Every structure is written in structure tokens, then in C-alpha cells.
Amino acid sequence: MTRSVLISGGGIAGASLAYWLGESGYAVTVVERAPGLRTSGAAPVDFRGDQLALLERMGVLGDIQACQTGMGDQTVIDASGRRLSTFPSVLFSGDVEIERGDLARILYDRSAGAAEYVFGDHITGMTQDADGVDVTFAHSAPRRFDLVVGADGLHSAVRRLAFGEESQFRHDLGLAIAGFDVPNTFGLDHGGLIYNEPGRLVMVTSGRDRARASVGLMFAVSLPDYDWRDTDGQKRIVTEHFAGVGWQAPALLAALRDAPDLYFDTVGQIRLGHWSAGRLVLLGDAAWCTGPGGNGTGHAMLGAYTLAGELALACGDYAAAFRRYEQIMRPPVTKSQKNAAGAGRFLTPATERKIRNRNRTFRILSSRPMTGLFGWLAKRTANTGTLRDYPLCGSIPNGRPLPR
């Protein structure tokens, strides 16, 4: 009998799992709240070190390399635009970097033939018994599935319905981030500019599309009660916190008013005692959001591969598969959460003195003798998970698909 799986969330984690399960014979349905594929509004993602082996096994490494940003170093500047120091490309861009929207499209294209996608809908209720899970939706008719996977991000509806309110598990890092696109009036060509004032960061980059620049604004703040669906309210929050900031901040805030696509969220981590409840299991940010610099995308894709692999090995014993998946993924996730916890001190230093000290550090690290060491350290940080061999259809070890 074909086993049915509902995946809530059509992002990186959800699409990756849809591919592995669909290719292995599951009847997979992906429900995504957004009306269509999310293709803009968030920062690029990068892969490095052992993570490339997973991309190759999935058969998407070549597609990702064809769309890579090719980003170079990021230049730290003062309010007049004068260069102060450089962030080496290995810090932000890894071995290969790609716009999140391009990655989402590649993973959707890879999985669409193996799964049913339902856009513009979301889960409103779940009731499970010994044989399955009855699921209700905001718009679609109720359906029944063997398993349900919550891959619906930091604000996961599946986690809320299965485990309780987000506030019980969310640990804020005291930061918020906004991302949007503007015309590239900065003359950037596969590079970026970084400007800091105490507790605030402005980053502008331009990669593969030289006509467009991506803007990232990060600031120290505590926003326990903001509405993460209120785009106009989010724009007001960003404008208030960057009022009076120098360099090109006023022009960027003016562009923000009319930006059609805005990514905004507070920066936090999700810490759960367990990731499954009966026939329900969480994946990616819904289970373990690590925060900036925490290998979130790599962990999401590795977690999807591991979850699908353990289900294949368990031969129907989903509870055993869920336990083993968590045993494998929790150590690297915990390590990455620890690494990411200090992101605020690095990205948004609290004082002018701390900004100067950070810039001085990176002048040293970007010198020729230190570049190799810095790259090695960055890859070592990324290599926090183990890529196991699983009997999954669709896996491409050494460039050859496994037999169906």
C-alpha cells in the first residue's frame, strides 16, 4: 500500500523532503501558505565543505553552480563610503552561494514531478489516531494522511498545533532583519558594501544580476509581540530603528516604502525537547531554527535526506525512524545553535569601539597569510553533520541513480 505524507511548507526543507520521499514511492502532498513559489526577499544561502556531497547526491549541484552568485569580498565602509576593512568571501559565500529564490526554484523543479503541490492554503487542524492523521485546511477539503511533517519554518503552524505556542520554544537573539531588492545604483559587480552604526547594520550586495542589489538591514531590538504578517507595520518598525542612520540609509528607507517584497523577522532559535509527536514530525526551522551563520539551509537539506533515509530503513516503523532521525540531527544542530548565538556581537556591534575592534580583526584575517586558515575554519564550522548512505531512489552516488 502506498504511504501518504503531508508536508506543511514548500520551502527548502519541504521541497527537499518531497523529492526524497516522492522518488522513494510515497504519495507526497506539499501545502504552502504562499500563493506561489517564494522567489525573492531573503538573503542568499551558501554551501561549503561536506555539504556539497549532499547536493551532488540529490542531483542539484550542477544547477546550483550554474546559478551561483559568484560573490566576492564584502567591503566595510564608513559614513563617507571610505573603505575600512574587508570581509573575505569565504565568510559569507562559501564554496558556492545562490540566491534563496533560485534555490527554491531548483528544488521545486526537482520535486514537482514526485509530489502534489497545493499553494495558497495551510493546515488549520490535525487529529491523529492509531492508523493516520485527519487534517483540515483553510480552503481545501479535509484529507487523511499516514504522516504529517511540519517544515513550515520558524512560525510553524504544525508545531503550534502539535506542541503549543511558539513562545514556549523560541529563544530570541535580540536582533531583527529586513531584506528587499533595489536597483543597483552602487556600481557593485559581484561584491558588497557593509556599513555599521552601534546596534545596526546596512548591507548592500549585487551578484549574478548586476542591475539589482539586495539590501539587508539588521538591528538590535526586542519585538515580542509584532505581527509577522503585517508588512506595512514591519516597514514602520525598520524605518523607526534606522532613522538618523548615515551613509545611504535614508535612500534605502525611501526605497523600502515601495518595496513589493519584504523579508522581515526577528532572529531567534527554536529549542524543543523532542521533534515528533505520534505521526507528526518537525523538520528544519520548525524543529531547530539555528539563527544566522548556523548552517540553517544545509541542516534543512541534510535533515530532509536523513528523515527520508531513516523512514526507508525502518520499513514502516515511523516512530523508530523519527527517533533515529532526531538522534542523528540533534548534535550538529545543537553545535550550530551555539555557534550562531554570538551573531549579534559580530554583525551588529553595540558600540563604536566594538565596531572598530571587529574591523581591525578582519583586516588581519583578510591578509594573504590568513586567508587559507580562515577558509579552513569556515568549512570546519559547516561540516557539522554526517551524510549517511540510505537505500533511497533518486540518490545519485558517484553520478549514478540507484535502481528503482
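The values are calculated or read from the model by the stated rules, or taken from the named source; none is laboratory data. Please read all numbers here as calculations on a predicted model, not as lab measurements. Using ideal geometry, Cβ is built from the backbone for each residue, glycine included, and neighbour counts are taken over all protein chains shown. Calculation scope for accessible area: heavy atoms of the full protein, side chains included, ligands and nucleic acids excluded. Shrake-Rupley method; radii C 1.70, N 1.55, O 1.52, S 1.80 Å.
Points worth noting:
- None of His190, His241, His274 is on the phi > 0 side of the Ramachandran plot and not hydrophobic (A, V, I, L, M, F, W, C) except His190.
- Pairs, first under 20 Å from Leu175 (Cβ atoms) in segment 290-307, second in a loop (DSSP other than H, G, I, E, B), C-beta under 6 Å, six or more apart: Gly296/Thr290
- For segment 204-222, the set of residues classified as assigned to a strand (DSSP E or B) and of a type outside the set (Ser, Thr, Tyr) consists of Val204, Arg212, Ala213, Val215, Gly216, Leu217, Met218, Phe219, Ala220, listed by residue number.
- Test result for Gly273, among the small types (Gly, Ala, Ser), more than 21 Å from the chain's Cα centre (by Cα) and in a loop (DSSP other than H, G, I, E, B): yes
- Restricting attention to segment 209-224 and to residues that are modelled with pLDDT of 90 or more and among the small types (Gly, Ala, Ser), the residue that is nearest to Ala176 (Cα to Cα) turns out to be Ala220.
- Hits in segment 164-188 - residues which are over 22 Å from the mean Cα position of the chain (by Cα) and farther than 22 Å from Ala259 by Cα: Gly164
- The one condition in (1) touching an Asp or Glu at 6+ places or on another chain (Cβ under 8 Å); (2) open to solvent by 30 Å² or more (accessible area, probe 1.4 Å); (3) of a type in the set (A, V, I, L, M, F, W, C) that Ala176 fails to fulfil: (2)
- Between Met58, Met71, the distinction of being under 24 Å from Ala178 (Cβ atoms) and among the hydrophobic types (A, V, I, L, M, F, W, C) belongs to Met71 only.
- For segment 321-369, residues that are under 21 Å from Val202 (Cα atoms) and among the aliphatic types (A, V, I, L, M) total 6.
- The lone criterion from (1) out of contact with any Cys (no Cβ under 7 Å at 6 or more places or on another chain); (2) modelled with pLDDT under 95 left unmet by Leu154 is number (1).
- Any hit, segment 187-205, residues being open to solvent by 60 Å² or more (accessible area, probe 1.4 Å), free of Cβ contacts under 8 Å to residues at least 60 places away in the same chain and under 22 Å from Gly10 (Cα atoms): no
- Residue count for segment 152-195 under the criterion of being more than 19 Å from Ala300 (Cβ to Cβ), in contact with a strand residue (DSSP E or B) (Cβ under 7 Å, 6 or more places away or on another chain) and of a type in the set (S, T, N, Q): the result is 1.
- Single residue of segment 206-216 satisfying the filter (closer than 20 Å to Asp258 by Cβ and touching a residue at least 40 places away in the same chain (Cβ under 8 Å)) that is surrounded by the most Cβ atoms within 10 Å (Cβ to Cβ): Ser214
- Hits in segment 319-355 (condition: under 30 Å from Ala130 (Cβ atoms), hydrophobic (A, V, I, L, M, F, W, C) and surrounded by fewer than 21 Cβ atoms within 10 Å (Cβ to Cβ)): Ala319, Ala320, Ile328
- Selection from segment 274-293 of residues that are more than 24 Å from Gly316 (Cα to Cα) and out of contact with any strand residue (DSSP E or B) (no Cβ under 8 Å at 6 or more places or on another chain): Gly293
- Selection of segment 120-137 for residues being in contact (Cβ under 8 Å) with a residue 60 or more places away in the chain and either assigned to a loop (DSSP other than H, G, I, E, B) or open to solvent by 50 Å² or more (accessible area, probe 1.4 Å) (or both) yields Gly120, Asp121, His122, Gln128, Gly132.
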